[in-house]
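Q: Dropping the structure in here first, questions after.
The values are calculated or read from the model by the stated rules, or taken from the named source; none is laboratory data. The structure displayed is predicted, hence computed values, not measured ones. Every residue, glycine among them, receives a Cβ derived from its backbone with ideal geometry; neighbour counts consider all protein chains shown.
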Amino acid sequence: MNNHTTPELSPTVETLDDLAKFADYSFTDSLNCDPDAQANGADHGPRQVFSGHYVLVKPTPIPDPEYITHSKTFFRELGFADSMAQSTDFINMFSGDSSQLPEPMRKVGWATGYALSIYGTEYYQQCPFQTGNGYGDGRAISIFEAVINDQRWEMQLKGGGRTPYCRGADGRAVLRSSIREFLAQDYMHALGVPTSRSLSLYVSKTEKVRRPWYSEGSNSTDPDTMISEAVAISTRVAPSFLRVGQLELFARRARKNEHPNAMEELEKVVMHAIDREYSDVIDNELSSPEKVVLLAREFRHRLTSLVANWIRVGYCQGNFNSDNCAVGGFTLDYGPFGFCDVFNPYYQPWTGGGRHFAFMNQPVAAERNFHMFYTAIQTLLANHPEPLQQLNDIRNDFAKEMQIKMEKMWAAKLGLDTFAPALFSELEALMMQMPVDYTIFFRELSAIPDDISSLKKSFYEDLIAEKDLGEFDKRWSAWLIKWTSIIDSMPRSRDEISNQMKLVNPKYSLREWFVVPAYQQANVGNYALVRELQDVITQPYAEQSKEVEKKFYRLKPYELFETAGLSYYSCSS
């Protein structure tokens, strides 16, 4: 849970020719291509894809691309020179123009299909063909795979144009959602939360699309106007983009025997997932059934740890379907996500998400996704009773494992050696009754104050009747005395405990009301606030300047509560 540190490397990649030397396309070279795919990637209209692990797709470049920002942290980690982000050939590649790529880079990318399950229920009707064969990467196109510093990375354009899975949409991402995803990935990595990574962000100076959105100051649940927005391409990077929904798609086909190679394609994609995401913990010499069991155990460990981390930092995935759940156990697909200001167990940034994907229900949503993962891979163990029983045990113990991770996380947030259930229950009740800013409260608590005066910086007192404030002060003071008595009974000093708590409880959060003005200014060509916000959130645990603190470490203004597109939204485009 500690702050993430990145090794410092001198740049070894200064040009696209340097980068090309690391090319290694394991996904397309070892898995099956859709037999109906076009070799030149000219495959941009919705159609059914009946078999194969991927389709070849040539990205559709955005015209007149302009640099907005890149992840300096990730560039350093990869050994990339910062100057490369603004070089013409790099901009061309990562804004969708693959026509001039140096060999052995390939001029055609790939998109993948996956199944849809929502909270543990299989769905087919979202597919335009009602078969499940048209659902997948509608606007995400992977364009490069490389091994750099012994780590495999896949690079994917978000908003790179239409694919066979576009379901009739335009394949574009708008600047607004691209900035949100770019910043969120950079922030989550800096928090030490496993995540896909941001590489670069470019906007078209000339192409715009129309999207439903909210009029200024609207309180409408659904968008109430159409706006014209600039299109952008953000490049996200991960060890792989394999999703639980992908394994489900191939398992569904195998169960129904939809084509002669269905079972083989399921086994191939599961083994590929192990090679890509778990080769450091799963011995390649083991039998396939043994590998499947270990995959389930390791994925359970990563997924439970991930969700505990999400709750630690106030993150809500919003739409935690199985197709938004990475097999590698990291955060993927920043669609309708949000970071809570006021602590609320039922916080849900997406108006269509319901309570099942709300903030404190994410452990249960994760269990539903794990069940769909289990359902997919158990297909491979039908004739192996002992491994199948082991797999069942792993599935059945998910809730227990999740509880252990949650209790460990809450203990760490409170600076305790072991979880104190009664103390925590009292705190949770207080936080629900007296609205507190989740990030500010735990950061102020990390200083181990002697009284509640500094904690009151986190209280939204205007949301409480004035006559009740005195009673709340008494209850908070009583709770603080109980907590500090436990802290003072521990063998570590207050300073040691405080320093450790500050590595668990970030000072700065990626608040939507900071992001909105950043993308609004970017929409008129001013990227200064995007870059300033990026600088602040990539040092989330640090005590930054007084100027930064005054601007970014504060309560949400009351007039912004319940404002559409800022406190909640219906979609992310």
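Q: Show the residue pairs meeting these rules: Cβ distance below 6 Å; 6+ apart or different chains; first residue within segment 244-255 and in contact (Cβ under 8 Å) with a residue 12 or more places away in the chain and crowded, with 24+ Cβ neighbours inside 10 Å; second residue of a type in the set (Phe, Trp, Tyr) and not in a helix (DSSP H, G or I).
A: From segment 244-255, the pairs are Gly245/Tyr114; Gln246/Tyr114; Leu249/Tyr114.
Q: Take segment 428-460 and flag every residue that is more than 19 Å from Arg511 (Cβ to Cβ), acidic (Asp, Glu) and under 34 Å from the mean Cα position of the chain (by Cα).
A: If the condition is that a residue be more than 19 Å from Arg511 (Cβ to Cβ), acidic (Asp, Glu) and under 34 Å from the mean Cα position of the chain (by Cα), then Glu428 is the only one that fits.
Q: Return the total of residues in segment 491-528 being farther than 17 Å from Gln185 by Cα and in a helix (DSSP H, G or I).
A: Selection size over segment 491-528: 15.
Q: Let me confirm something: among Gln151, Gln100, Gln86, which residue is of a type outside the set (Phe, Trp, Tyr), on the phi < 0 side of the Ramachandran plot and touching a residue at least 40 places away in the same chain (Cβ under 8 Å)?
A: Gln151
Q: Could you check segment 269-301 and list, in sequence order, the residues that are under 21 Å from Asn32 (Cα atoms) and in contact (Cβ under 8 Å) with a residue 60 or more places away in the chain?
A: Val269, Val270, His272, Asp275, Arg276, Ser288, Val292
Q: Which of the residues belonging to segment 431-446 are surrounded by 17 or more Cβ atoms within 10 Å (Cβ to Cβ) and either more than 16 Å from Gln500 (Cβ to Cβ) or free of Cβ contacts under 8 Å to residues at least 24 places away in the same chain (or both)? Working first, answer last.
A: Just the residues of segment 431-446 that are surrounded by 17 or more Cβ atoms within 10 Å (Cβ to Cβ), to begin with: 431, 434-446.
Within segment 431-446, Met431, Met434, Pro435, Val436, Asp437, Tyr438, Thr439, Ile440, Phe441, Glu444 qualify.
Q: Take Pro540 and decide whether it is at pLDDT 95 or above, touching a Ser or Thr at 6+ places or on another chain (Cβ under 8 Å) and under 28 Å from Pro421 (Cβ atoms).
A: So Pro540 fails the test.
A quick yes/no check of all residues on (1) modelled with pLDDT of 95 or more; (2) under 23 Å from Leu191 (Cβ atoms); (3) assigned to a loop (DSSP other than H, G, I, E, B):
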| site | (1), (2), (3) |
| --- | --- |
| Val307 | yes, yes, no |
| Ile311 | yes, yes, no |
| Phe320 | yes, yes, yes |
| Gly329 | yes, yes, yes |
| Tyr334 | no, yes, yes |
| Met360 | yes, yes, no |
| Arg368 | yes, no, no |
| Met372 | yes, no, no |
| Gln378 | yes, no, no |
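Q: Can I ask one more? Give the residues of segment 145-200 that are aliphatic (A, V, I, L, M) and in a strand (DSSP E or B), sorted by residue number.
A: Listed by number, the residues that qualify are Ala146, Val147, Ile148, Met155, Leu157, Ala173, Val174, Leu199.
Residues are listed down the side, and each one gets a yes or a no for (1) more than 19 Å from the chain's Cα centre (by Cα); (2) aliphatic (A, V, I, L, M); (3) surrounded by fewer than 20 Cβ atoms within 10 Å (Cβ to Cβ):
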{"position": "Ile62", "(1), (2), (3)": "yes, yes, no"}
{"position": "Lys107", "(1), (2), (3)": "yes, no, yes"}
{"position": "Phe129", "(1), (2), (3)": "yes, no, yes"}
{"position": "Gly132", "(1), (2), (3)": "yes, no, no"}
{"position": "Ile148", "(1), (2), (3)": "yes, yes, yes"}
{"position": "Gln156", "(1), (2), (3)": "no, no, no"}
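Q: Of the conditions (1) among the hydroxyl-bearing types (Ser, Thr, Tyr); (2) under 26 Å from Phe398 (Cβ atoms); (3) surrounded by 15 or more Cβ atoms within 10 Å (Cβ to Cβ), Ser279 satisfies every one except a single condition; which number is it?
A: Just one mismatch for Ser279, condition (3).
Q: Here is a list: Val292, Val269. Which entry is over 30 Å from Ser87 (Cβ atoms), in contact with a Phe, Trp or Tyr (Cβ under 7 Å, 6 or more places away or on another chain) and not acidic (Asp, Glu)?
A: On inspection, the qualifying residue turns out to be Val269.
Q: Look at Thr73 and say whether it is touching a residue at least 24 places away in the same chain (Cβ under 8 Å), in the same structural domain as Ser142 (by TED's automatic domain parsing), surrounded by fewer than 21 Cβ atoms within 10 Å (Cβ to Cβ) and of a type in the set (Ser, Thr, Tyr).
A: Considered against the rule, which asks whether it is touching a residue at least 24 places away in the same chain (Cβ under 8 Å), in the same structural domain as Ser142 (by TED's automatic domain parsing), surrounded by fewer than 21 Cβ atoms within 10 Å (Cβ to Cβ) and of a type in the set (Ser, Thr, Tyr), Thr73 comes out as yes.
Q: Condition test on Ala399, is it on the phi < 0 side of the Ramachandran plot, among the hydrophobic types (A, V, I, L, M, F, W, C), buried (at least 16 other Cβ atoms within 10 Å of the Cβ) and under 23 Å from the mean Cα position of the chain (by Cα)?
A: no
Q: Would you pick out the residues in segment 69-113 that are hydrophobic (A, V, I, L, M, F, W, C) and in a loop (DSSP other than H, G, I, E, B)?
A: Ala81, Phe94, Leu101, Met105, Val108
Q: A further question follows. Before we move on, is Glu229 in a helix (DSSP H, G or I) and assigned by TED's automatic domain parsing to the domain that holds Ser30?
A: no
Q: Which pairs have Cβ atoms under 7 Å, sit 6 or more apart or on different chains, and link a residue in segment 116-127 that is touching a residue at least 60 places away in the same chain (Cβ under 8 Å) to one that is crowded, with 20+ Cβ neighbours inside 10 Å and among the polar types (S, T, N, Q)?
A: Leu116/Asn321; Ser117/Asn321; Ser117/Ser322; Ile118/Asn321
Q: Starting from segment 549-560, keep only residues that are more than 16 Å from Leu533 (Cβ to Cβ), then list their pairs with residues that are aromatic (Phe, Trp, Tyr) whose Cβ atoms are within a distance under 7 Å, requiring at least 6 positions of separation or different chains.
A: Leu555/Tyr460; Leu560/Trp513
Q: Follow-up question, since we're still on this one. Which of the residues belonging to segment 123-157 are closer than 20 Å to Glu265 by Cα and of a type in the set (Asp, Glu)?
A: Asp137
Q: Next question. Report the residue count in segment 465-479 for those that are out of contact with any helix residue (DSSP H, G or I) (no Cβ under 7 Å at 6 or more places or on another chain) and surrounded by 15 or more Cβ atoms within 10 Å (Cβ to Cβ).
A: The total comes to 2.
Table: residues versus (1) touching a strand residue (DSSP E or B) at 6+ places or on another chain (Cβ under 6 Å); (2) closer than 16 Å to Tyr114 by Cβ; (3) modelled with pLDDT of 95 or more.
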site: Val231; (1), (2), (3): yes, no, yes
site: Val244; (1), (2), (3): yes, yes, yes
site: Leu247; (1), (2), (3): no, yes, yes
site: Arg253; (1), (2), (3): no, yes, yes
site: Leu266; (1), (2), (3): no, yes, yes
site: Val269; (1), (2), (3): no, yes, yes
site: Ser287; (1), (2), (3): no, no, yes
site: Glu290; (1), (2), (3): no, no, yes
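Q: Please determine, by comparing only the residues of segment 114-123 that are part of a strand (DSSP E or B) and touching a helix residue (DSSP H, G or I) at 6+ places or on another chain (Cβ under 6 Å), which one is surrounded by the most Cβ atoms within 10 Å (Cβ to Cβ).
A: Result: Ser117.
Q: Something else about it: Which condition does Gly217 not pass, out of (1) under 30 Å from Leu303 (Cβ atoms); (2) over 23 Å from the mean Cα position of the chain (by Cα); (3) not acidic (Asp, Glu), if it passes all the others?
A: (1)
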